[in-house]
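Read through the structure below, which is laid out as structure tokens, and then see the notes.
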Amino acid sequence: MERQVPGHRRNASSKSSRPRASTKGPLEIPDDLISSENPNSPKRSPAMSLAESSGPSHVSRGSSDPYDSIFQIDSILATRGLTPLENNLSYLLRPDLYHPLTQLDIPLMFRSAFHVPPSNETLLSSLSTLNVLLAEGHFLIAAHLCGTLLTSAVVSPTDNNAIFTLLYTRLACLELTGHAALAAQESKALEDLSSTFYYNADVEPMGAEANQTQVHHIVPWPLRVLAIRLQSIGFGDARRGIAGLYELGLEARREIMWPGIDKAEREIWKARLADLGIRSANALVEMGDLDAARRSLRSLTGTSQASDIDKVRIVLLHLRIGDVGAAKELLSEFSVLRGGILKPLLDMAEGRYDDAVASWRSLLEKDYSKENEAMISQNLAVCLLYTGQLNESRALLESLVSANYSFQSLTFNLSTIYELCSDKSKALKTRLAEEVSKQSHFGETNLDRPNADFKL
């Protein structure tokens, strides 16, 4: 039954104009403002400062909030010392919003029973169980538990932290388990995330006698980014996703330019803005507008100061749209990436598989590549397949499975090789699935594996 809250009324389409920073492009990092720190600018109180070691999405902090000890999905919201939010979110707790999940497309050896919390189980206990499921890699079971909790009486309609955490976990787990279409439909329940309903005022200390009010969004950043992509799929409007990313970019720039912002927090907003630029280019690729994606990538500023992972993402996007020349230019510009995986990937993109085989073998011999050994070995096996060395490719992939590796692309590629080299491929693929099901995992791989991972 839908929860009825007296006096609660929500108009998702109502929007009020908010002041925006003057800029040539919302995804352009304002380096002039970042590089010039004003020593006289007022600072946030130490209680609101971010830990220096905090990343873009997770931090550790002491708190009396029981959910904070389990989930931290937005480091900035978690450390600003804001009053706990109590917006009425009963519209996100309706049972008809969440689709029933099934394990029919999962091989028998991977199936696990859905967890149904006892009627007397507390929310904290259920969240602890959810945390265990995520740590073990049972993402589909975790998604089911999130939906169960969101539609149960144990979650209060005003417990914003729990609701947003459970919703984000539900949508992310659905996407990780190949149920992006379901996640896209369920994300529509958030409706217009730029609505004034989702904004609260935060009073910042700006001196001994004056306060300045800053408007902040109540939804955790990772959920907003994920919802923008999923809603563009759910509503069948790719341009909606592009517009949403630009809206987030405007907000990130506004936060960067906020007077007296903590230095660590500013770095987080810079990283978020850089990430949005790459995501917007990727969204254009998914739309099929490769020319616009190419222009978007070339217009990104500050790529020389970007993190190594962002540099790799940019080069891979150039390869994805077929702009090998631009990828080579960036590879020559980013000296730190020259000895990595991008060189053999460029060889593969140009069809030079023999050269790629030599490059992948060279990387395997280097000590710093040990942590990426499985990924490098798999790419080597693919190149061996394209050069006609089928038996060596099969042996290499089987050795990875024996070494306790079983990520999705590995099992899919090995299943493909079984189809190419044997008339009894179904038995081989079933045996592969049984072997993988017996492996030990630590949450880095989805354990609720669908049949498609093994081409069954």
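Considering the stretch 131-143 alone, what residues qualify as being among the hydrophobic types (A, V, I, L, M, F, W, C) and open to solvent by less than 30 Å² (accessible area, probe 1.4 Å)?
Here is the first cut: in the stretch 131-143, the residues among the hydrophobic types (A, V, I, L, M, F, W, C) are 132-135, 139-143.
Within the stretch 131-143, 133, 139, 140, 141, 142, 143 qualify.
Pairs needed: first member in the stretch 332-352, more than 16 Å from residue 380 (Cα to Cα) and surrounded by 15 or more Cβ atoms within 10 Å (Cβ to Cβ); second member anywhere, of a type in the set (Gly, Ala, Ser) and at pLDDT below 85; C-beta distance under 8 Å; at least 6 residues apart or different chains.
334/304
Across the stretch 426-456, what is the total count of residues that are more than 24 Å from the chain's Cα centre (by Cα) and farther than 14 Å from residue 109 by Cβ?
Selection size over the stretch 426-456: 5.
Which of the helices (runs of 4 or more DSSP H) found entirely inside the stretch 352-454 contain at least 1 residues meeting this: closer than 30 Å to residue 101 by Cα and β-branched (Val, Ile, Thr)? Don't jump to the end; show me each part of the working.
Working: elements: 353-364, 373-386, 390-402, 408-421, 425-437.
It comes to 390-402, 408-421, 425-437.
Got a sec? Which of 434, 392 is over 30 Å from residue 132 (Cβ atoms) and out of contact with any Cys (no Cβ under 9 Å at 6 or more places or on another chain)?
Details: 434 fails: over 30 Å from residue 132 (Cβ atoms).
It is 392.
Taking the stretch 156-189 only, how many residues are out of contact with any Ser or Thr (no Cβ under 9 Å at 6 or more places or on another chain) and either over 14 Å from residue 233 (Cβ atoms) or open to solvent by 10 Å² or more (accessible area, probe 1.4 Å) (or both)? Write out each step before concluding.
Filtering the stretch 156-189 for residues out of contact with any Ser or Thr (no Cβ under 9 Å at 6 or more places or on another chain) gives 156, 159-161, 164-166, 168-170, 172-183, 185-189.
This time we only want the ones that are either over 14 Å from residue 233 (Cβ atoms) or open to solvent by 10 Å² or more (accessible area, probe 1.4 Å) (or both), so: 156, 159-161, 164-166, 168-170, 172-173, 175-182, 185, 188-189.
The total comes to 23.
Taking the criterion of being within 30 Å of residue 182 (Cβ to Cβ) and touching a Gly at 6+ places or on another chain (Cβ under 8 Å), would at least one residue in the stretch 301-318 satisfy it?
Looking for residues that are within 30 Å of residue 182 (Cβ to Cβ) and touching a Gly at 6+ places or on another chain (Cβ under 8 Å), one finds none in the stretch 301-318, hence no.
Are any residues in the stretch 422-441 exposed (fewer than 14 other Cβ atoms within 10 Å of the Cβ) and closer than 16 Å to residue 394 by Cα, and if so, which ones?
422, 423, 424, 427, 431
Out of all the residues in the stretch 256-273, is one or more in contact (Cβ under 8 Å) with a residue 40 or more places away in the chain, surrounded by 22 or more Cβ atoms within 10 Å (Cβ to Cβ) and farther than 20 Å from residue 74 by Cβ?
No - not one qualifying residue is present in the stretch 256-273.
Among the residues of the stretch 286-301, write down those that are in contact (Cβ under 8 Å) with a residue 24 or more places away in the chain, farther than 14 Å from residue 239 by Cβ and part of a helix (DSSP H, G or I).
Taking the stretch 286-301 and keeping what is in contact (Cβ under 8 Å) with a residue 24 or more places away in the chain, we get 286-287, 290, 293-294, 297-301.
Next, only the ones that are farther than 14 Å from residue 239 by Cβ stay: 290, 294, 297-301.
Listed by number, the residues that qualify are 290, 294, 297, 298, 299.
Taking the conditions exactly as written (in a helix (DSSP H, G or I) and touching a Leu at 6+ places or on another chain (Cβ under 6 Å)), does residue 265 satisfy them or not?
Working: in a helix (DSSP H, G or I): yes; touching a Leu at 6+ places or on another chain (Cβ under 6 Å): yes.
For residue 265, the condition - in a helix (DSSP H, G or I) and touching a Leu at 6+ places or on another chain (Cβ under 6 Å) - is met.
Would you please name the residue that is farthest from the chain's Cα centre (by Cα), looking only at residues in the stretch 389-406 that are open to solvent by 50 Å² or more (accessible area, probe 1.4 Å) and either under 13 Å from residue 436 (Cα atoms) or of a type in the set (Gly, Ala, Ser) (or both)?
From the stretch 389-406, those open to solvent by 50 Å² or more (accessible area, probe 1.4 Å) are 389, 391-392, 394-395, 398-399, 402-405; that's our starting set.
Filter again for either under 13 Å from residue 436 (Cα atoms) or of a type in the set (Gly, Ala, Ser) (or both), leaving 395, 398-399, 402-405.
On the way: 395: 33, 398: 30, 399: 30, 402: 29, 403: 27, 404: 25, 405: 22 Å.
Out of the qualifying residues, it is 395.
Looking at the stretch 144-155, can you tell me whether even one residue there is part of a loop (DSSP other than H, G, I, E, B), buried (at least 23 other Cβ atoms within 10 Å of the Cβ) and polar (S, T, N, Q)?
Just the residues of the stretch 144-155 that are part of a loop (DSSP other than H, G, I, E, B), to begin with: 151-155.
Checking the rest, the ones that are also buried (at least 23 other Cβ atoms within 10 Å of the Cβ) come to none.
Among the residues of the stretch 144-155, not one is part of a loop (DSSP other than H, G, I, E, B), buried (at least 23 other Cβ atoms within 10 Å of the Cβ) and polar (S, T, N, Q), which makes the answer no.
If I filter the stretch 132-176 down to residues being farther than 17 Å from residue 222 by Cα and of a type in the set (D, E, K, R), which single residue comes out as farthest from the chain's Cα centre (by Cα)?
So the residue we want is 159.
Looking only at the stretch 85-125, filter to residues that are in a loop (DSSP other than H, G, I, E, B) and among the acidic types (Asp, Glu); which one of those is farthest from the chain's Cα centre (by Cα)?
121
For residue 122, work out the one condition from (1) more than 25 Å from residue 224 (Cα to Cα); (2) surrounded by 21 or more Cβ atoms within 10 Å (Cβ to Cβ); (3) of a type in the set (Ser, Thr, Tyr) it doesn't fulfil.
(2)
The values are calculated or read from the model by the stated rules, or taken from the named source; none is laboratory data. Since this is a predicted model, take the numbers as computed values, not measurements. Glycine also receives a Cβ, built like all others from the backbone with ideal geometry; neighbour counts cover every protein chain displayed. We work out accessible area using only protein heavy atoms, side chains counted, and drop any ligands, DNA or RNA first. Shrake-Rupley method; radii C 1.70, N 1.55, O 1.52, S 1.80 Å.
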